[in-house]
1. Given the criteria without any contact (Cβ under 8 Å) to a residue 40 or more places away in the chain, out of contact with any His (no Cβ under 6 Å at 6 or more places or on another chain) and of a type in the set (K, R), does R74 qualify?
2. Residues that are in contact with a Lys or Arg (Cβ under 8 Å, 6 or more places away or on another chain), at least 2 per element: which helices (runs of 4 or more DSSP H) completely within segment 1-87 meet that?
3. For residues in segment 34-82 being in contact with a Gly (Cβ under 8 Å, 6 or more places away or on another chain) and among the aromatic types (F, W, Y), which is farthest from L12 (Cα to Cα)?
Amino acid sequence: MRVLAFVGLGVLGVVVACAGALVQDGWFPGGLLLALAAAVALFHGGAVATRSRLGAAVPVILWFVTVMYLSVSRPEGDFLFAAGAGPYVYLLGGMVAGVICATLPRRSPGDASGARLGR
């Protein structure tokens, strides 16, 4: 069951990257914020749902690979990312958010290291 969760998170990473690539420049600046919010929600939600850092890492990696693939211009001259501030913010913001979500420390529910003793 856990493997299916990771496969689903990977597919969602590809879908969010494709949707974000289309929306981020189409409805600038609202689309950019929407695309980044969707990516952050996926990365953090994957980590929380699977209770592991791998739950954030899988969609981050596939999101990044998809965005890199979509950013390459084709011989016909077609491309999804124009040279501008919006696409760079989407790319760098998504990468930073992914790294943050994948490296956040996980606390188990029984961890009482911050509890005060003797009171």
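1. Working: without any contact (Cβ under 8 Å) to a residue 40 or more places away in the chain: yes; out of contact with any His (no Cβ under 6 Å at 6 or more places or on another chain): yes; of a type in the set (K, R): yes.
For R74, the condition - without any contact (Cβ under 8 Å) to a residue 40 or more places away in the chain, out of contact with any His (no Cβ under 6 Å at 6 or more places or on another chain) and of a type in the set (K, R) - is met.
2. Working: elements: 2-26, 30-50, 54-71.
The helices (runs of 4 or more DSSP H) meeting that bar are 30-50.
3. This residue is F64.
Computed from the coordinates by the stated procedures, all read-outs in this text should not be read as laboratory data. Only a predicted model underlies this, so the values are computations on that prediction, with no experimental measurement involved. We place every Cβ from the backbone using ideal geometry, glycine too, and count neighbours over all the protein chains shown.
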